[in-house]
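Taking it in order: structure first as structure tokens, then the write-up.
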Amino acid sequence: MDQDAKIQQYVLLAKGLRGRGLTDLIAKATADPAVFGFGELLDVASVKELQGTDLAPHNALLQLFAYGTWSEYQANASSLPPLNEAQTLKLKQLTVASLAATEKVLPYSRLQSALSISGLRELEDFLINHCFYAGVITAGKLDQKQACLQVYDVIGRDVRPEDLPEITARMARWIASGDELLRAIEARVNYATATADAARQHREELDARIEEVKRNIKAEARANDALMDEGGLMMGAMDMMDEDRVGTAGLGDHYGGSRADREERMMMGMGMAGGARGERAAGRPKSRRR
């Protein structure tokens with residue numbers, strides 16, 4: 001049976017008991033190895049009624065098990081009921097829980113003083129058998145080299161009513177720190193998003209410029225090809241004219257005819273040359289530039 005179910009049983013029993021019956025119930029509850037919280041039992045009306053009576057020390061003992069430690073019991077032992085062996089063990093377990101809740105590294109020397117244990121071997125046996133195995137310390141380890149107890153997690157204890165304002169303030173500070181951290185994370189996310197958007201826009205602009213340069217190169221290449229074709233035609237015509245001049249000068253008498261006849265033959269030769277160049281231009285392979 002878990003602790004919640006156990007304490008609920010004691011609460012139900014306490015509601016129907018008065019006087020000495022309640023003191024026996026308190027002794028049984030504080031010795032139960034499965035119960036480590038007593039706040040709900042303290043809230044029972046019949047238990048509160050013990051205050052101001054000759055049974056008030058039993059109510060004070062229950063409060064000590066809810067909030068106090070072994071050293072506090074020793075300091076007030078004369079005004080409190082005596083403890084049996086099971087109650088002594090329980091109060092020492094709760095003392096370790098209180099120490100571990102505030103400090104995560106506990107030197108053996110401090111534990112020995114708080115628990116009234118003189119030997120190191122006895123202390124380690126107590127921590128292993130009655131704290132680790134009993135579930136008081138739920139995560140941790142013994143460091144024999146450094147002579148200390150390292151605590152990662154421990155059971156919680158009841159909270160004194162007068163400690164609630166301080167706990168509330170701590171929680172408020174924790175929430176404020178969480179909000180500040182959240183705002184910092186959001187700012188980093190926004191910055192990362194803006195940076196990514198700027199990088200994407202820059203990339204798009206760069207791609208557009210690359211495509212524009214490619215188009216310009218292709219257009220320039222086509223223009224150069226056209227100029228080369230026109231230049232070839234002109235060179236062909238000039239070659240034909242040169243040949244015709246040479247032929248006319250050297251062989252003018254052989255061919256005979258007037259100057260007008262010679263110019264007509266020259267023009268016909270240019271037409272034939274143009275046709276020949278056009279045929280060669282038409283058969284020219286297409287440019288491979290892209």
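One table, with the values for the structure above:
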item	result
Alpha-carbon radius of gyration plus Dmax, which is the widest Cα pair, for region 117-170 in Å	14.8, 41
Additional length obtainable on full extension of the chain from Leu120 to Glu204, 0.36 nm per residue less Cα span	23.1 nm
Point-to-point label distance, Asp163-Asn224, nm (Cα→Cβ direction, 7 Å offset)	8.7 nm
Charge dipole of region 163-228 about the Cα centre (unit charges at C-beta), most positive-ward option of Asn224, Leu164, Ile210	Asn224
With every protein chain in place, region 1-67: carbon and sulfur % of accessible area (1.4 Å)	53 percent
Ala45 versus Asn84: modelled label distance in nm, points set 7 Å from Cα along the beta carbon direction	3.0 nm
Å² per residue, accessible surface of region 1-67 at 1.4 Å	49 Å²
Cross-link table Lys6/Lys48; Lys92/Lys145; Lys48/Lys104, entries beyond 31 Å C-alpha to C-alpha	Lys48/Lys104
Net charge, Glu40 excluded, C-beta distance under 10 Å - Lys, Arg +1, Asp, Glu -1	-3
Positive-pole candidate from Ile7, Thr53, Ala29, dipole of region 1-67, charges at beta carbon	Thr53
For region 163-228: accessible area per residue (Å², 1.4 Å)	88 Å²
Accessible area of region 84-158 divided out per residue, in Å², using a probe of 1.4 angstrom	50 Å²
Selection of trypsin sites (Lys or Arg not before Pro), region 2-36, meeting DSSP coil and at most 12 other Cβ within 10 Å	Arg18
Cα centroid separation - region 38-72 against region 85-140, whole Å	23 Å
Rg over Rh, two decimals, region 1-67 (C-alpha only, Kirkwood Rh)	0.92
Share of carbon and sulfur in the accessible heavy-atom surface of region 84-158 [1.4 Å probe, %]	50 percent
Shape box of region 84-158 [Cα atoms, principal axes, largest first, Å]	34, 25, 19
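The values are calculated or read from the model by the stated rules, or taken from the named source; none is laboratory data. If you're wondering where the values come from, they're calculated on a predicted model, not measured in any experiment. For neighbour counting, all protein chains shown are included, and Cβ atoms are generated from backbone atoms with ideal geometry for every residue, glycine included. The accessibility values were calculated without ligands, DNA or RNA, using every heavy atom of the protein model including side chains. Shrake-Rupley method; radii C 1.70, N 1.55, O 1.52, S 1.80 Å.
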